[in-house]
Amino acid sequence: MEKMLKRLFIILAVLCIPVGFFIEHEHAIFFWHKIPSIEAIFGILGTFLLILAIGILTSFAQKKEDFYD
Amino acid sequence: MIKAVPPALIFILGAMLIPLLKGKLKQVYILVVPAVAFLDILYLSPGTSWVYNFLGYDLIFCKVDRLSLVVGYIFVIIGFLAILYCLHIKHDGQYIAAFLYVGSSLGVVFAGDYFSLFVFWEIMAVASVFLIWFQKDKKSLNAGFRYILMHIFGGCCLLAGIIIYTVSKGSINVALLEPSPAYWLILIGFGLNTAFIPIHTWLPDAYPEGTITGSVFLSVFTTKTGVYVLARCFPGVELVAYMGGIMAVYGVTFALLQNDARRLLAYHIISQVGYMVAGVGMGTAQGINGGIAHVFNNILYKALLFMCMGSVMYMTGRRKLSEMGGLARFMPVTCIACIIAALSISGAPGFNGFVSKGMVIASAVEAHMPILELMLILASVGTFLSFVKLCYFCFFAKNYEIESKEAPFNMQLAMGLTAFSCVFIGLYPKILFDILPYNVVGYHPFTPSHIFGVIQLFMLAGVAFILAKAMVVPHKATILDFDYFYRMGGRGLLWVCSVPMSNFRTKSQVRLSRAVYIIARLARNPISILEIPTAYIYLRITKGLRYVGGFSSGETYDENLYRRPIGVGVLLAIILLFAFALIYFIF
């Protein structure tokens, strides 16, 4: 059941991308506002950027739970 | 006609009566006080009132305009909901601290001069620390001390700034500031309460250690009064706007790494306050509207999140995500309220966060700040991810060891009403737009590109989350923040005081005692001066002289040996102030 839901979610997310080609940004000011489905790209890129930041942070700032005790 | 009073007065005087009441009467009373305060705010007329002359300056306790009114409304509304949430507790101290905290926050909001603002600012710090200490364990005691130390530092900066400002300008009225030493000191003072990076560490340190009900109050007032005073004194400062962007990203990054549910929420306060600070820092009408709208909305959903996690803690006794899971079956009301709050904070269409977050991001575009826009979008992605994490690991992850019941009725009612407010404003934002500081012109939240853009952002971020879930699984660890430097600095300072400085003091005392010993001996018998070298050599051999006066230079510092009652310190302070006043009046 959980796997089914995951697959359904992924399919829906992928289907979202082409729909973005039919919707224009109302106040396109910066160049990325004119790229279709830019929010989808932001979603993926943002997640990977944050995961990268977490990876870097944990490599030197992660200590045992009772570190300050 | 009865004249409206400063709303702060209602809460502060209201707190005095709490210990005198018992049972149901007390419960009714503590709910009536915020209701009366709300009616009072409705009757406040724009302009300044309750002005008193003090040492040649005008103290203004009631400066009413659209900015102070909108913040005043939400402070009183959430005050009522938070009190409803904690109606089951029997501890008067918590109610009194909460009332003083809400009252002093309202005092800051309606203060028209820096002196009264500062006084309310300090009452706020002192009242709030008791909401941490009332948890009554070692962790909360220590966290409370760190919290108050940081706030005392911020308060000192603020006071120094106010004094310099008053001396140079000859006025104490709260107004826009221009770059000067006073400007920077006041900015540090305000920035500390607003959790500017890197002086934010008190927030994720202390808020998770507060009482279950106290953390709901804590999540609302300190940081939001900070945003309010920034909007009043520092609108349109680019540095402040970018600080907002940094806070937004920094907060979510650290939130994603947390295992303690309330610490995760605490880091999200920093992130969400970042949006508000960014809006205020842009300084445009839409930016300030967006920032203040976000204050209003954030107060609702952030308090709701703390209520939900408080309910989970109250019913299960667990606070770490790695120990939770599967609670949706046992606590459906809390689960639904938490999902509504999570969707609101993430900015999903139909929830209040969507309206105000969109306004702040749109104003970054309008103000031509591309980097800031990208930072705020990145923070949106992080917010969505961390609340997927929170809801999943708290309510849906498999955990067959846990069993629980739903929270008490008053907690459920408070959560239900707050969740309803989040949805209501999300669907009907006009009610919020009508009370914002500036008229909302040219901003329409429900455009196809905004709605669909947010859906796309979340769907694809969700896919990336599924693929990289292992990276954000909660695990037992401490993630060092800037407080590492403060703690190590504090330990270093303690070492300097207790080892080298203490040794120096002991050695000086030993030498002085020796001198006194020799002089006393000479005074008794001057001829014995000739015997001193012999006696000295003898005593050095037997080490007797090292203990003259009862002190040894080799003793380690014992803090209890020099500890005096706090009254001695207070007495010294009073004597000093009296002497200062005497000198001031005589000369």
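The values are calculated or read from the model by the stated rules, or taken from the named source; none is laboratory data. Just so it is clear, the model here is predicted, and its values are computed rather than measured. No Cβ is skipped: glycine too gets one built from the backbone with ideal geometry, and neighbour counts run over all protein chains shown.
Considering only residues that are assigned to a loop (DSSP other than H, G, I, E, B), surrounded by fewer than 21 Cβ atoms within 10 Å (Cβ to Cβ) and more than 9 Å from every other protein chain (Cβ to nearest Cβ), which ones fall in the range B:457-474?
B:Val473
Does B:Gln509 meet the test of being assigned to a helix (DSSP H, G or I) and more than 10 Å from chain A (Cβ to nearest Cβ)?
Yes, satisfied.
Being farther than 19 Å from B:Val381 by Cα, within 8 Å of chain B (Cβ to nearest Cβ) and surrounded by fewer than 15 Cβ atoms within 10 Å (Cβ to Cβ) is the filter here; which residues of the range A:7-28 pass it?
A:Val19, A:Glu24, A:Glu26, A:His27
Filtering the range B:367-399 down to residues that are of a type outside the set (Gly, Ala, Ser) and part of a loop (DSSP other than H, G, I, E, B), which residue is farthest from the other protein chains (Cβ to nearest Cβ)?
Going through the qualifying residues, I end up with B:Asn399.
What is the one condition in (1) over 30 Å from B:Thr316 (Cα atoms); (2) assigned to a helix (DSSP H, G or I); (3) among the hydrophobic types (A, V, I, L, M, F, W, C) that B:Leu177 does not satisfy?
It fails just one condition, (2).
Looking at B:Pro437, B:Pro429, B:Pro448, can you tell me which residue is exposed (fewer than 15 other Cβ atoms within 10 Å of the Cβ) and of a type outside the set (Val, Ile, Thr)?
Only one candidate passes the filter, namely B:Pro448.
Can you name the condition, by its number, that B:Phe134 falls short on among (1) modelled with pLDDT of 95 or more; (2) more than 18 Å from B:Tyr114 (Cβ to Cβ)?
Against the list (1) modelled with pLDDT of 95 or more; (2) more than 18 Å from B:Tyr114 (Cβ to Cβ), B:Phe134 comes up short only on (1).
Can you say whether B:Gly281 is in a helix (DSSP H, G or I), in contact with a Pro (Cβ under 9 Å, 6 or more places away or on another chain) and farther than 27 Å from B:Pro448 by Cα, as far as the supplied structure shows?
When the stated conditions are applied, B:Gly281 passes them.
With respect to the numbered conditions (1) over 26 Å from B:Asp113 (Cβ atoms); (2) modelled with pLDDT under 90; (3) touching a helix residue (DSSP H, G or I) at 6+ places or on another chain (Cβ under 6 Å), which one is the sole condition not fulfilled by B:Lys24?
That leaves (3) as the condition not met.
Could you check the range B:330-360 and list, in sequence order, the residues that are surrounded by fewer than 24 Cβ atoms within 10 Å (Cβ to Cβ) and within 14 Å of chain A (Cβ to nearest Cβ)?
B:Ala348, B:Pro349
Suppose we filter the range B:102-130 for residues that are among the polar types (S, T, N, Q) and within 14 Å of B:Leu159 (Cβ to Cβ); how many remain?
1
Would it be correct to say that B:Leu417 is away from chain A (no Cβ under 14 Å), aliphatic (A, V, I, L, M) and not in a loop (DSSP other than H, G, I, E, B)?
yes
Closer than 28 Å to B:Ile435 by Cα and either of a type outside the set (Phe, Trp, Tyr) or modelled with pLDDT under 95 (or both): is that true of B:Leu100 in this structure?
So B:Leu100 fits the description; yes.
Name the single residue that is surrounded by the most Cβ atoms within 10 Å (Cβ to Cβ) among those in the range A:32-43 being facing chain B (nearest Cβ under 9 Å) and more than 16 Å from B:Ala362 (Cβ to Cβ).
A:Gly43
More than 7 Å from chain B (Cβ to nearest Cβ) and closer than 16 Å to B:Phe465 by Cβ, is that true of A:Leu50?
no
Is it true that B:Asp92 is modelled with pLDDT under 95 and either closer than 20 Å to B:Ile132 by Cα or within 24 Å of the chain's Cα centre (by Cα) (or both)?
yes
Against the conditions (1) in contact (Cβ under 8 Å) with a residue 60 or more places away in the chain; (2) surrounded by fewer than 23 Cβ atoms within 10 Å (Cβ to Cβ); (3) more than 10 Å from chain A (Cβ to nearest Cβ); (4) of a type outside the set (Lys, Arg), where does B:Met411 fall short? Just the number, please.
Condition (2) is where B:Met411 drops out.
Please work out if B:Val516 is in contact with a Ser or Thr (Cβ under 8 Å, 6 or more places away or on another chain) and either within 30 Å of B:Ala364 (Cα to Cα) or in a helix (DSSP H, G or I) (or both). If you could, list the steps in order and put the result at the bottom.
Numbers: in contact with a Ser or Thr (Cβ under 8 Å, 6 or more places away or on another chain): no; either within 30 Å of B:Ala364 (Cα to Cα) or in a helix (DSSP H, G or I) (or both): yes.
Here the answer is no, as B:Val516 does not meet what is asked.
Conditions first: (1) part of a loop (DSSP other than H, G, I, E, B); (2) buried (at least 24 other Cβ atoms within 10 Å of the Cβ). B:Gly325 passes all but one, so which condition is the exception?
The number of the failed condition is (2).
Going residue by residue through the range B:312-320, is there one that turns out to be part of a helix (DSSP H, G or I) and touching a helix residue (DSSP H, G or I) at 6+ places or on another chain (Cβ under 6 Å)?
Here is the first cut: in the range B:312-320, the ones part of a helix (DSSP H, G or I) are B:312-316.
Still in the running and touching a helix residue (DSSP H, G or I) at 6+ places or on another chain (Cβ under 6 Å): none.
There is no residue in the range B:312-320 that is part of a helix (DSSP H, G or I) and touching a helix residue (DSSP H, G or I) at 6+ places or on another chain (Cβ under 6 Å).
Filter the range B:227-259 down to residues that are among the hydrophobic types (A, V, I, L, M, F, W, C) and not in a helix (DSSP H, G or I) and give me whichever is farthest from the other protein chains (Cβ to nearest Cβ).
So the residue we want is B:Phe234.
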